[in-house]
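For reference, the structure discussed in these notes is given below.
Throughout, read-outs are computed from the coordinates displayed, never taken from laboratory work. This one's a predicted model, so the numbers in the text were calculated from it and none came from an experiment. Here the Cβ positions follow ideal geometry from the backbone for every residue, glycine too, while neighbour counts run over all protein chains shown.
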């Protein structure tokens, strides 16, 4: 990228600096303290990355356990045994005769109790602690200021605070898990969540975890919006921003506007749980459907908090690895905002079986609006490939997987938006498969792809390309085997959140479970690859992919203040046809003849 | 304390020497960003209260009689008094910003003090004259409405609180213990009432905390024409507290 | 009055015996290969046919776009793969008319899908005036249905280790309107074969409707699974039921039979037990979610939070209607569903008879047995 | 959304956002007379809205005039909106500020409006096809009352069942039982006190005659055929409905539950 040399003293840039990863001779504890007290967005991004991947691991293990149970539903006795081991089967209580016996809170007559806790862990951890912060907080924190040419986010201390809030929130969740877990499902629907477990602190802890995590989400979003508004590099207009930034910007708007509503909802639920105030409790005149409205007013937009950053990543990956101007930049940028806007008026489609007929019809009609900006994006991405110079490496394979899986995820949303079919498919495995195709096939695939794409930039080391592609292939195959079968299970009539099932579903369940093992192996391959890269990977050049956005301008890994000189933006982020990428030669990245 | 010695030997107030943080291009930029950030935060606060307002609206739609009766239990006098107190405090905060901008340090502090007194007054009225009698039936002895009721003779806290039989127990949900309720959804009304006002009171406390911090720092001469960001943003937060009350007051006390 | 085939062997040779069969006649294998894969069978009633039609419309619409997009993607990835030293050819960065075209055209298809969906929805929520109204009650974790003549019975068949799955008969080729309520948490009544479901709420009634299919000539009945689709706790996955569609004449006969039959107090109690209580209470001294009934009558039970109570008729009745009033120690995690409004006085009396018949001598560990058996599960930390 | 983008016409490479063009003086110092004026206006509107509401209630009660309930709501809320706008514009200085902040605030109000509007579209129109979908089956049903004292085994409050009563009835029953235990006829005591309350010698301040404005929203009842005859609460509620269940809110039907008639 062309950067105009400017006097060093203008912005205080320019003194010699090392990589942000250097520990500058601090000892072990010094380094720990350095990281724990850092306000550097890159370090915070890396800390987020570690935290969310840990949560992904916990949630993933729970997911595998869910699939394992469904391979062959456990007998009641086996379930009780497992429960005793996993959840300590309740607390000790004193009987009248004075002996200590185990409370039977958790020893159930059905296999469901164990299973219910595990899928709740899977859902709550994956949604609140992994997917929502994954791309925005981890990759977003690292990349957003660099892509904008800024030294840091607008409020660096707030940024650190939001990481700590995230950690505290996650700890709440983990404590709830260690104490025995909750069986409410991640949606905490009342009145079940009010009534279950006399030992109500666990539910309070889990709900409290989600409540606290909300603040982290709000502060991150707020920070990003201000950063985008106020800290763009000189020369960077709104339409010179990379599409990843647009996506994060749209995401942040949703986070700021929707998250407070879940805050008050969960707060009221905690009140409900502790004090039975009655707002969501039908026995007091409250209304459980009101809770669902409150909940989905946040939780539907948050679906786009999960997917929009993934879409942003895909826009970057496709453009860079096919060396092509993204097709219809403005359409993609505006569709991000469009999705953010529409996300606030469609939450009712989670409740077609709960709402009145009028509201159902209105929400169904509104729901189809979401399909329009989403379809625009997919068309534009595919069109970007046309006449490109497409490199098939791990990030690109992930981007193509995303297109494949997200298309399925999006298209299977249609029967869920249409009223007649939704009444059949609601709360069935079809829904499970659908949102896994969108959340996992969309966001997680984009996240892992983006991680490969920016890994050299973040840690200054390359990973093994072949192993990466192998991992990608395993994930792709495993994912489809796991979740495509669930579409068929759903249409055939398998309800979700079932610990056991009637016989004729077993074959498909078993195929699905086998798929989950392939999927797990794929992720382990990636983990090994990344760890190997950290230890022994070859040093990464500043711009391994020939990208044009500002992060490829600086070194790998970036210096502490991101840039030696404040960058001045002279071209768009995707002008591959006219600009030789920074740190690259024209031999490797030739320009089309008409220009050069 | 409030001044620092510059190299040239001239005494300089701290605010005069204000340096913006390194990642900003200018102090003006930093100020704009802080304000923008605060406004974004205020939107989240508004939407937090949106939940309470929405619950209010829905239950009022479902149980209009209960809400009419419930509103009747509240004393408009106290609501009015609290409204006035908050409006005045809002005015003094706006004046405090102005004083900081004009480097009137004494008046800056005076205005902040008045604001904090108003905040305390608001909470006092809320807890002594509204929450306590309704929750427990105990009236503060200075309560002007105490004369309307027959004291049972029971007192608490060295005679400062007088018990009135059959008045208390107006509590949310499962705590409800008021024997003369006329509609089964009255506990729900109290849930909305206590939910809304308590969360608002929490915001009053947080806002007062912010302003106290500003007040303490103002003694160090930190705020002045070149640096009044904190005064202004804390002020914005305080105005929001006022704003919410402007809606809570008619919804709870006036609409019947 | 309630009568159940599995429990009443005393009946004379029974014309209705076929309908008590434990052999399920589930519909499968109708329709084309795709329909069989997706739905196990093509839809048999009007609601299912409308739903399947819409689903297949969306399916082929999706397949068209998916194949088109993925085809282009794969073709271009191969066609324009990177070659060292060869630049990407110049191409347009956007194309207004094209983008408007691919925005507007698929959007208009969405309108069609919405309208078709709405039409199908109305067929599921608005009942014809001649529809038979059934009152459905969901409790943890069972379904109860009251028929228009006041009967609420079901045939049942044993399933798994404990549950008796109720069989509800329906007349063929008739509109049915379900008026539904829950007694505790949210449930959802899903009949996959009819492609309909709706949530049940404890504070208000919900409803939906469907039209039963015509039986083939070679069938005497046809069965449809009922699932609970809204998560409701421990045995959510065992909250089954079966709709058994029979001919209209048989339907009338079965209903008459239900109202004519009579059971002894104890038999009635056993039936109520099987239909409502078996999820949580054992009668063999084994552990369950609630205390076992075996040998409990006349003993003293320790209560949660101290104190104890003699298990007598009054206590049993109170515990059925207001289970939280006196809770047995050691079961603090479990909230029994109040059966106020679920069981009639006669049925409660039956339960008491049955409870008494299970003896008053503790067979195993006495009334403290449930608490002790929980100790078998290991671990040492506390739960609260 | 871009205030800075608008300035790209006069683009300066060294100062793309045009910061240098603005001094600190750009931030307006609001005249104290304006602030004071706004305060007085706010106090005036506060007095106005209180007077309006009190007057309306008094007129409706005194002259038995039916005033539609929207008069009360619209009056109070429109004055509140005016007051809020004053605070936003002058105290919070939106009038002098960058339009971006105003836009953000308006967006937030839009989100609020959507939230409120679409939620009430469901909860308010459940009876679009069947009236019975709106009614409440068993208000107060198996509520659990909380006792703050006691409970040595567990930390935190303990719950006791209300035996199928609503909280309201349960509280009344507790009152009656308390007096019965003291050797006073609790029922009579309660009835006397209640009459005392309703006659205006109130402990609370609910009027004996609530203005019609309070009852102008009629509820859709539960259709009879829904009741399952085994449900005693439902049966009683049904009887209550048949006997003209839309009675004044002050009357509780005898028996367990005040049910759905209101």
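Take the Cβ-Cβ distance between residue A:517 and residue C:83 as r, set R0 to 51 Å, and report the resulting FRET efficiency rounded to the nearest 0.05.
0.85
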Q.
If I fit a long axis through the Cα atoms of helix A:506-536 and take the longest principal axis of the Cα atoms of chain A, what angle between them do I get, 0 to 90°, rounded to 10?
A. 40
(Q) Rounded, prolate or oblate, given the Cα gyration tensor of chain A, with a/c below 1.5 counting as rounded? (A) prolate
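For region C:74-129, take N as its residue count and report Rg(C-alpha) divided by 2.2 N^0.38 Å. Please report the intermediate quantities before stating the final value.
Working: Rg = 22.4 Å, N = 56, 2.2 N^0.38 = 10.2 Å.
Ratio of Rg to 2.2 N^0.38 Å for region C:74-129: 2.21.
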Q: Quick one: compute the contact order of region C:132-260, relative version, from alpha carbon pairs under 8 angstrom and 6+ residues apart, as a percent.
A: 28
Q: Could you state the angle between the C-alpha long axis of helix B:64-73 and the longest principal axis of the C-alpha atoms of chain B, as a value from 0 to 90 degrees rounded to the nearest 10?
A: 80
(Q) Residues of region A:267-304 with the amide nitrogen closer than 14 Å to a label point 7 Å from the Cα of residue D:174, along Cα-to-Cβ, please. (A) A:276-277
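Please find the FRET efficiency linking residue B:110 to residue D:110, where r is the Cβ-Cβ separation and R0 is fixed at 30 Å, and quote it to the nearest 0.05. Walk me through the intermediate numbers first.
Numbers: r = 39 Å, r/R0 = 1.30.
So, using R0 = 30 Å, E works out to roughly 0.15.
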Q. Points 7 angstrom from Cα along the Cβ direction at residue A:22 and residue B:205: gap in nanometres?
A. 4.8
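Which of rounded, prolate or oblate describes region C:132-260 when judged by the alpha-carbon gyration tensor and an a/c cut-off of 1.5? Intermediate results must be reported in sequence, preceding the final value.
Working: a/c = 1.58, a/b = 1.44, b/c = 1.10.
Note, shape of region C:132-260 comes out prolate.
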Q: Work out the mean other chain Cβ neighbour count within 10 Å for the residues of C:44-56 and drop it here as an integer.
A: 3
Q) How do A:183, A:427, B:143 line up, fewest other C-beta atoms within 10 Å first? A) B:143, A:427, A:183
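Given a cut-off of under 8 Å on Cα pairs at least six residues apart, what relative contact order in percent is computed for chain A?
Working: 1011 pairs, mean separation 111.0, N = 596.
It comes to 19 percent, rounded to a whole number.
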Q | Those residues of region A:518-536 whose amide nitrogen sits under 20 Å from the label point placed on residue A:466, 7 Å along Cα→Cβ | A | A:522-536
Q. Using 1/(1 + (r/R0)^6) with R0 = 41 angstrom and r between the beta carbons of residue A:503 and residue A:32, what's the FRET efficiency to the nearest 0.05?
A. 0.15
**Q.** Spin-label model distance (nm) - residue B:21 vs residue C:74, 7 Å beyond Cα toward Cβ
**A.** 5.1
Q: Indicate the gyration tensor shape class of region B:1-160 (rounded, prolate or oblate), computed on the Cα atoms with a ≥ b ≥ c the square roots of the eigenvalues: a/c under 1.5 is rounded; otherwise a/b larger than b/c is prolate and the rest oblate.
A: oblate
Q: Compute the relative contact order of region B:1-129 as a whole-number percentage, counting only Cα pairs closer than 8 Å that sit 6 or more residues apart in sequence.
A: 15
Q) How far apart, in nm, are the 7 Å Cα→Cβ label points at residue B:77 and residue C:299? A) 6.3
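Among A:453, A:509, what is the fewest-to-most ranking by other Cβ atoms within 10 Å? It would help to have the intermediate numbers written out before the result.
On the way: A:453 26, A:509 22.
Ascending Cβ contact count within 10 Å gives the list A:509, A:453.
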(Q) If I build a Gaussian network model for chain C, linking alpha-carbon pairs within less than 10 angstrom, which residue out of C:49, C:185, C:112 has the largest mean-square fluctuation? (A) C:112
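If you take each beta carbon of peptide A:227-234 and count the beta carbons of other chains within 10 angstrom, what is the mean?
Values: counts 3, 2, 11, 12, 6, 5, 1, 8.
Mean partner-chain Cβ count within 10 Å for A:227-234: 6.
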Q. In which sequence would B:136, C:357 go, from the one with the fewest C-beta neighbours within 10 Å to the one with the most?
A. C:357, B:136
Q. Taking the alpha carbon gyration tensor of region C:265-362, what are the square roots of 5 times its eigenvalues, largest first, to the nearest whole Å?
A. 19, 15, 13
Q. Which of B:179, B:64, B:225 moves most in a GNM of chain B, Cα contacts under 10 Å?
A. B:179
Q.
Run the helix sum for chain B: -39,500 (n - 2.57) per DSSP H stretch of 4+ residues, divided by residue count, reported at 222 nm to the nearest 500 deg cm²/dmol.
A. -20500 deg cm²/dmol
Q. Give me the log10 of I(q) over I(0) for region A:221-360 at q = 0.16, 0.19, 0.20, 0.21 Å⁻¹, as the Debye formula computes it from C-alpha points; what are the numbers?
A. -0.87, -1.06, -1.13, -1.20
Q. What's the extension gain from residue C:33 to residue C:259 if we count 0.36 nm per residue and subtract their Cα-Cα distance?
A. 77.0 nm
**Q.** Most fluctuating residue given options C:322, C:273, C:355, as computed from a GNM of chain C linking Cα atoms under 10 Å
**A.** C:322
Q) Taking Cα atoms, how many degrees apart are the long axis of helix B:186-218 and the longest axis of chain B, rounded to 10 and kept between 0 and 90? A) 20
Q. Got a sec? Which residues in region B:156-182 would a label at residue B:141 touch, if it sits 7 Å along Cα→Cβ and we count backbone N under 11 Å?
A. B:156-162
